[in-house]
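Any read-out appearing in this document is the output of simple, stated calculations on the displayed coordinates, not a laboratory observation. The model shown is predicted, which means the values in this text are computed figures rather than measured ones. Here the Cβ is made from the backbone with ideal geometry for all residues, glycine too, and neighbour counts use every protein chain on show.
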Amino acid sequence: MTSHSDAVVLIGPMGAGKTSIGKKAARALGLPFFDTDAAVVRDHGPIDQLFVEHGEARFRAAERDAVREGLATGGIVSLGGGAIMDADTRAELAGLRVVLLTVSPRVVAGRVRDSNRPLLQGGDDAIERWTAIFEERRPVYEELADVTFDTSTGPLQDVVDALVAWVRGQSTPPHDHAAGGSAGPSEISPRDSSPREKEQTP
């Protein structure tokens, strides 16, 4: 089993591609892949149904258990968009390599169209709700992240390749998230329009 300290954790908003990119990166690196949303579904059934029948608090407790399991498994671990709002989860990420995947509202519109994601339901426009949730969580994402890749343009495989290169360039997990951690040569800012190299951590 891969050790907890070897985990590479993917964080970011709904629709950023954490699962798709995480699976491909794990395959390229020869590492296990763990998706916390999939683990919740495995143990409790569909997330939207869990919300309806038991409420968000029950879902967050189940999500917290899934995060704990994923970090214990190691490898590439994809967290649900709101998992980082849990203080215990943030504390556990402090010694790990944390990758933030971002996406623009314009692009995410196509990815979450007709979505059954519970937090996007309701009378308001789904993208307006997505944007509000992202902006609320953005400071936490950025504080935790060691490197950021934007998935808005170009093939997702380009992001996978850049992520794999960054992981391979990290001999040990960074430990100074407050200072921005260790920026790899393939870091991408949310402001970049394509997966290009960027030398400084935002």
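Express in nm, to one decimal, how much length is gained between Glu69 and Arg42 on full extension, taking 0.36 nm for each residue of separation and deducting their alpha carbon distance.
Gain on stretching Glu69 to Arg42: 8.5 nm.
Net charge near Phe33, counting Lys/Arg +1 and Asp/Glu -1 over other residues with Cβ under 10 Å of its Cβ?
Within the 10 Å Cβ shell, the charges total +2.
Any chance you could run the full-extension gain for Asp88 through Glu143? It's 0.36 nm times the residue separation minus the Cα-Cα distance, nm to one decimal.
18.3 nm
Over region 1-94, what is the relative contact order in percent, taking alpha-carbon pairs closer than 8 angstrom and at least six residues apart?
Averaging sequence separation for qualifying contacts and normalising by length gives 46 percent for region 1-94.
Take peptides 134-140, 22-28, 34-40 and line them up by average Cβ neighbours within 10 Å, highest first, as a rough protection proxy.
Ranking, from highest mean packing down: 34-40, 22-28, 134-140.
How do 50-56, 70-76 rank on mean C-beta neighbours within 10 Å, highest first?
Descending packing order for the listed peptides: 70-76, 50-56.
Can you list, largest first and rounded to whole Å, the semi-axes you get for region 26-116 by taking the square root of 5 times each eigenvalue of its Cα gyration tensor?
Semi-axis lengths for region 26-116 are 21, 19, 14 Å.
Go ahead and run the numbers for FRET between Ser104 and Ala165, Cβ-Cβ distance against an R0 of 30 Å, rounding to 0.05.
Computed FRET efficiency for Ser104 and Ala165 comes out at 0.80.
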